[in-house]
Amino acid sequence: MSQATTIDRANAATCEQPAIILDKVNKWYGAMHVLRDVSMTVSQKERVVVCGPSGSGKSTMIRCINRLEMHQEGRIIVDGTELTDDLRALDTIRREVGMVFQNFNLFPHLTILENCTFAPIWVRKMPKAEAEELAMSYLRRVKIPEQAKKYPGQLSGGQQQRVAIARALCMRPKIMLFDEPTSALDPEMIKEVLDTMIGLAEDGMTMVCVTHEMGFARKVADRVVFMDRGEIVEAGSPASIFEDPQTDRLKQFLSQIL
Ligand code: ADP
Ligand code: MG
């Protein structure tokens, strides 16, 4: 076999490997069963939107994907690495998976630029000048390079959330997880954050987004997953989920949010 063929096959194998596999994942907080046999496969470059009522386990599920929470049963495999107690696996996952939270979680005592360069310098051991150049390129991309020297408290919520996205991107993740990134924002700031996320989706980022922004879901989601009481109840295209719900639970949920 020629070397080129070998490489092509290797590339094909990498492309076909799912970005995320959840296989019958179960999790309890004490006696409370919060994830019940959750199974889901996310392909490379796929965009999945997760919705469902408050307390249904959406945050817990995505926090398990980068091991901010630990599951107790089942398997989670991220880009070919299974999440186990092995710290090397954890290290790999944290490098590959970026996360954006509802409340931005920026370091308040660091400038915007320092927020973005902190992990590249201290985790990736990147030279400071290079990290700053990288950070500025992402701050330009989220359209706030002029805020670089300010502190988080001096920015609007929408600007802070865009910094949080830029900060995550500075680690060059393969997968981005979003947990209700716009739900703490005033309405006029939601669009600027969603537009940033739409741009990421258009660039081919693999994304799992917990959000109830249906316009966003319709525009970018390859698949919408509806969770209720710790279970994935329905999953399908945005059109099938929003226009043709199969279960009473989803019908009831949609009647509350639409
Ligand atoms: P969602 O994001 O869909 O609102 P969560 O994943 O935050 O749901 O929560 C699922 C369930 O787990 C809820 O009943 C919640 O109260 C509970 N829960 C979440 N985090 C914790 C925790 N750290 N300790 C105990 N219970 C928790
Ligand atoms: Mg949540």
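The values are calculated or read from the model by the stated rules, or taken from the named source; none is laboratory data. This one's a predicted model, so the numbers in the text were calculated from it and none came from an experiment. For neighbour counting, all protein chains shown are included, and Cβ atoms are generated from backbone atoms with ideal geometry for every residue, glycine included. Please note that ligands, DNA and RNA were not included when accessible areas were found on the heavy atoms of the full protein model with its side chains. Shrake-Rupley method; radii C 1.70, N 1.55, O 1.52, S 1.80 Å.
Go through (1) over 19 Å from the mean Cα position of the chain (by Cα); (2) assigned to a loop (DSSP other than H, G, I, E, B) and name the single condition Ile121 misses.
So the condition that Ile121 fails would be (2).
Give the number of residues within segment 153-167 that are free of Cβ contacts under 8 Å to residues at least 40 places away in the same chain and not charged (D, E, K, R). Outline the logic, then answer.
The initial filter retains those residues of segment 153-167 that are free of Cβ contacts under 8 Å to residues at least 40 places away in the same chain, namely 154, 156, 158-159, 162.
Keeping just the survivors that are not charged (D, E, K, R) gives 154, 156, 158-159.
Adding up the residues that qualify gives 4.
Quickly run through segment 188-225 and pick out the residues that are out of contact with any helix residue (DSSP H, G or I) (no Cβ under 7 Å at 6 or more places or on another chain) and among the acidic types (Asp, Glu).
Listed by number, the residues that qualify are Glu188, Asp195, Glu202, Asp203, Asp222.
Any chance segment 76-96 includes a residue that's within 16 Å of ligand 1 (Cβ to nearest atom) and farther than 19 Å from Val42 by Cα? If you could, list the steps in order and put the result at the bottom.
Going through segment 76-96, the residues within 16 Å of ligand 1 (Cβ to nearest atom) turn out to be 76.
Adding the requirement that they be farther than 19 Å from Val42 by Cα leaves none.
Checked segment 76-96: no residue is within 16 Å of ligand 1 (Cβ to nearest atom) and farther than 19 Å from Val42 by Cα.
Which residues, counting only those in segment 14-46, are of a type in the set (A, V, I, L, M) and either more than 8 Å from ligand 1 (Cβ to nearest atom) or in contact (Cβ under 8 Å) with a residue 24 or more places away in the chain (or both)? Walk me through it before giving the result.
Of all residues in segment 14-46, those of a type in the set (A, V, I, L, M) come to 19-22, 25, 31-32, 34-35, 38, 40, 42.
Selection gives Ala19, Ile20, Ile21, Leu22, Val25, Ala31, Val34, Leu35, Val38, Met40, Val42.
Collect the residues in segment 45-95 that are within 14 Å of ligand 2 (Cβ to nearest atom), in a helix (DSSP H, G or I) and either open to solvent by 50 Å² or more (accessible area, probe 1.4 Å) or not hydroxyl-bearing (Ser, Thr, Tyr) (or both), keeping them in residue-number order.
Taking segment 45-95 first, the residues within 14 Å of ligand 2 (Cβ to nearest atom) are 49-65, 68-69.
Among the residues that remain, those that are also in a helix (DSSP H, G or I) are: 58-65.
Lys58, Met61, Ile62, Arg63, Cys64, Ile65 - these are the residues of segment 45-95 that are within 14 Å of ligand 2 (Cβ to nearest atom), in a helix (DSSP H, G or I) and either open to solvent by 50 Å² or more (accessible area, probe 1.4 Å) or not hydroxyl-bearing (Ser, Thr, Tyr) (or both).
Quick one: in segment 97-135, which of the residues that are out of contact with any Leu (no Cβ under 8 Å at 6 or more places or on another chain) and within 16 Å of ligand 1 (Cβ to nearest atom) is most open to solvent (accessible area, probe 1.4 Å)?
Residue satisfying both the conditions and the ranking: Asn103.
Rundown of residues vs (1) touching a residue at least 24 places away in the same chain (Cβ under 8 Å); (2) within 16 Å of ligand 1 (Cβ to nearest atom), yes/no style:
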site	(1), (2)
Leu169	yes, no
Ile175	yes, no
Glu180	yes, yes
Pro187	no, no
Ile190	yes, no
Val193	yes, no
Ile198	no, no
Asp203	no, no
His212	yes, yes
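Consider only pairs whose beta carbons are under 8 Å apart and that are at least six residues apart or on different chains; among these, list those whose first residue lies in segment 47-62 and is closer than 15 Å to Leu254 by Cβ and more than 7 Å from ligand 1 (Cβ to nearest atom) and whose second residue is part of a loop (DSSP other than H, G, I, E, B) and of a type in the set (Val, Ile, Thr).
Close Cβ pairs (under 8 Å, with a partner that is part of a loop (DSSP other than H, G, I, E, B) and of a type in the set (Val, Ile, Thr)) amount to Val49/Thr211; Val50/Thr211; Cys51/Thr211.
When you look at Gly215, is it within 28 Å of His33 (Cα to Cα) and not acidic (Asp, Glu), yes or no? Before the answer, list the steps.
Values: within 28 Å of His33 (Cα to Cα): no; not acidic (Asp, Glu): yes.
For Gly215, the condition - within 28 Å of His33 (Cα to Cα) and not acidic (Asp, Glu) - is not met.
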